Amino acid sequence: MSVMLASVAFPAAALAVPGDDRSAAEWGLLGAGLGLVILNHLITIAGNIPLNNALAASEQTDTTDRDARAAFETRWNRLHLVRTLLVTAGFALVVSASLA
């Protein structure tokens, strides 16, 4: 959980630090990086967590079969891939801003 929260905290902190010598491009990179990691969290909240909860509920009622599990995994893995790409791109943008 701390890594997930840190992915938002670090770009937000970078934006909060006074940066009078930052260019507009650097501000844009930081803002875009923060936006991507926030989008990552929204996908987690709206997509992955409900899937996790639905799978857990179906396991408690012993109604899970291979088809249901396969359908769950396909959607969950697709969402996870999007999340991975978003947070990686967000990290790259924040690093780019710090190197510029």
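Could you list, in sequence order, all residues of region 57-76 that are open to solvent by 90 Å² or more (accessible area, probe 1.4 Å) and at pLDDT 80 or above?
Correct list: ARG75 only.
Mind checking which residues of region 11-26 are open to solvent by 90 Å² or more (accessible area, probe 1.4 Å) and modelled with pLDDT under 80?
Correct list: PRO18, ASP20.
I need every pair where a residue in region 72-99 that is among the hydroxyl-bearing types (Ser, Thr, Tyr) has its Cβ under 7 Å from the Cβ of a residue that is assigned to a helix (DSSP H, G or I) and open to solvent by less than 70 Å² (accessible area, probe 1.4 Å), sequence separation at least 6 or different chains.
From residues that are among the hydroxyl-bearing types (Ser, Thr, Tyr), the pairs are SER96/LEU29.
The values are calculated or read from the model by the stated rules, or taken from the named source; none is laboratory data. Remember, it's a predicted structure, so these values are computed and weren't measured experimentally. Neighbour counts are summed over all protein chains in view; Cβ atoms, including those assigned to glycine, are modelled from backbone coordinates with ideal geometry. What goes into the accessible areas is simple: the full protein's heavy atoms, side chains included, and nothing from ligands, DNA or RNA. Shrake-Rupley method; radii C 1.70, N 1.55, O 1.52, S 1.80 Å.
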